[in-house]
1. Anything in the range 263-288 that is of a type in the set (D, E, K, R), under 30 Å from ALA80 (Cβ atoms) and either touching a residue at least 60 places away in the same chain (Cβ under 8 Å) or in contact with a strand residue (DSSP E or B) (Cβ under 6 Å, 6 or more places away or on another chain) (or both)? List them, or say none.
2. State yes or no: is ALA165 farther than 25 Å from VAL386 by Cα, modelled with pLDDT under 90, among the aliphatic types (A, V, I, L, M) and crowded, with 18+ Cβ neighbours inside 10 Å?
3. Quickly run through the range 1-25 and pick out the residues that are among the aliphatic types (A, V, I, L, M) and assigned to a helix (DSSP H, G or I).
4. Looking at (1) farther than 30 Å from ALA22 by Cβ; (2) part of a loop (DSSP other than H, G, I, E, B); (3) not aliphatic (A, V, I, L, M), which one does ARG154 not meet, given that it meets all the others?
5. Can you tell me how many residues within the range 139-151 are farther than 20 Å from GLY117 by Cα and either part of a helix (DSSP H, G or I) or touching a His at 6+ places or on another chain (Cβ under 7 Å) (or both)?
6. Which helices (runs of 4 or more DSSP H) sit wholly inside the range 26-126 and have at least 1 residues that are basic (Lys, Arg) and in contact with a Leu (Cβ under 9 Å, 6 or more places away or on another chain)?
7. Got a number for residues in the range 85-115 being free of Cβ contacts under 8 Å to residues at least 60 places away in the same chain and of a type in the set (Phe, Trp, Tyr)?
8. Show me the helices (runs of 4 or more DSSP H) found entirely inside the range 277-366 where at least 1 residues are at pLDDT 90 or above.
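The values are calculated or read from the model by the stated rules, or taken from the named source; none is laboratory data. Remember, it's a predicted structure, so these values are computed and weren't measured experimentally. Glycine also receives a Cβ, built like all others from the backbone with ideal geometry; neighbour counts cover every protein chain displayed.
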Amino acid sequence: MMLIALPPLDAYRADTAAAPDATTPEDGEWLTIATLVARAAALPAGARASTLRTIASMSGSTGHDDRATVITLAVEMATAMEDAARFHMAYGTLSSVLTLLPADDALGRGRVVAQQGRIARQLGEHGVAKERYEAAEAAAQECLVDVVAASELRARAWVGYGLLAHFRGNLPEARSWFRKVLDAPGSPREQQQVAHTQLMIAGVSARDFDLAAVHAWAAYEASDDELRSGSLANLAQVFLEAGHARIALRIFGALLLRAHVPRNELPILGGAAVAAARGLTADRAVPLIERFANRIQTLMASTQLPYAHVIALADMSDAYGAVGAGQAATKMRAQALALSERYGFHEISHRLRDAEIAPPLTRVTTFAAAAPIAEAVQSFEATEEVELALQAA
């Protein structure tokens, strides 16, 4: 069925249908504001002032441009909903935002429809995602007098096309779109970061770890503060897959010093566990793995980040398997699979069902283009327990 914008309460029910007990502390606030934003959007433009003022007051900001305040609040809230797998709520809230936006705000509208495309893609609604990305590209044509805005919206659309092509398995087309983003003058850093990251993934898939590391480092250099940790984690993952587990562990250990947001910390902990399992002797690796596993469980108990939970659990399964703890590995994988199926992460569920307990990697890639990168990250300072483990190794 075609994805449509649902009323807030219906959207919430759709998002929680598979896991009705998986509520978050923010759900009530999101529902309240989303309902008010939807109500404002349903009113004639001239009758919205009172509702907009009420919503703006809830954000602590009044006396300025209430509509702009509400739009900013709603977009930020939709992004938080998306992180918490409240995809229908996020999509519907953004539809309300489109109604509230000025008709001549092509940049604002383009950003919103591009985000809707991203949400639709995560829901598996690829036809809707493509239409939304096309709408973002069309909005770029309305920004021709603003070259910077037009470049941003085109890059957002092209990244979306590339991700859809990658999902279809058309890797050459996907790489073409991502290179187009990098070659286009004026592509924003955020889209460059995504393009480099996707080309890194393509490099890993082709077992070209030298190229993958170069793109991972470029993604790190293109990232703003919020994304830098994720880009470094990707770089660590490349080193890990290339057989340089101790370098990967050092990067993950450095990231743990600065990981203060659960959404970022969860994948770092999982990656660090796998790196420890592959790069250290079992007597050194197991205490680290246990420490990371306990921290993951603590974070899972206090957050609603199902995708990050699944990835962290899957990594812990691999880590336990690599040190020969088959029972613990099987338990972690079962927990990851149950959570993945509960939230409809079909691609991850398929991988988890087909996975076998993986032995430690023994092949080590010799880097050429990425050799300076490997040398640079060796100077990173890691957490005390990781430093001690690496020194002992």
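1. Of everything in the range 263-288, just one residue is of a type in the set (D, E, K, R), under 30 Å from ALA80 (Cβ atoms) and either touching a residue at least 60 places away in the same chain (Cβ under 8 Å) or in contact with a strand residue (DSSP E or B) (Cβ under 6 Å, 6 or more places away or on another chain) (or both), namely ARG263.
2. Values: farther than 25 Å from VAL386 by Cα: yes; modelled with pLDDT under 90: no; among the aliphatic types (A, V, I, L, M): yes; crowded, with 18+ Cβ neighbours inside 10 Å: yes.
For ALA165, the condition - farther than 25 Å from VAL386 by Cα, modelled with pLDDT under 90, among the aliphatic types (A, V, I, L, M) and crowded, with 18+ Cβ neighbours inside 10 Å - is not met.
3. Residues satisfying the conditions are LEU9, ALA11, ALA14.
4. That leaves (2) as the condition not met.
5. Qualifying residue count, the range 139-151: 2.
6. So the answer is 66-83, 106-122.
7. Matching residues across the range 85-115 total 0.
8. On the way: elements: 282-302, 306-322, 326-343, 346-354.
Once the helices (runs of 4 or more DSSP H) in the range 277-366 are filtered for at least 1 residues that are at pLDDT 90 or above, what remains is 282-302, 306-322, 326-343.
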